[in-house]
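A short write-up of the structure that comes next.
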């Protein structure tokens, strides 16, 4: 039962958010899956640029919590490009036991309610 590392959890969250963006008709101009490189998605819809920040949040941490200072910096960066800024947090937990780490051999639970604009 290999435990998923931070990059693997991040990639899982990116796949969930990327599918959601795709399903809603966004066109990807850039995708960055490296940890600590922001934004993760630069997407276009209806002629408007969108920066989407993705975070994988492991249980028991709250996916709705965020760092307002960090988002102020990202929003200021996005405004230089006349882009809208969104935060997409994906809560993840081991489905068999929330207290155990998520591993590649077991199912997981997703707590994702879309993205929020900043």
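The values are calculated or read from the model by the stated rules, or taken from the named source; none is laboratory data. What you see is a predicted model; the values in this text were computed from it and never measured. Cβ coordinates were reconstructed from backbone atoms using ideal geometry, including for glycine residues, and neighbour counts include every protein chain displayed.
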- [ ] Evaluate the following for residue 51: is it at pLDDT 95 or above and touching a helix residue (DSSP H, G or I) at 6+ places or on another chain (Cβ under 8 Å)?
- [x] yes
Task: Search result, residues across the range 9-33 that are under 27 Å from residue 98 (Cα atoms) and touching a residue at least 12 places away in the same chain (Cβ under 8 Å) - done: 9, 10, 11, 12, 13, 14, 16, 17, 18, 20, 33
Task: strands (runs of 3 or more DSSP E) enclosed by the range 16-118 - at least 3 residues per element that are buried (at least 17 other Cβ atoms within 10 Å of the Cβ) - done: 41-45, 48-58, 84-94
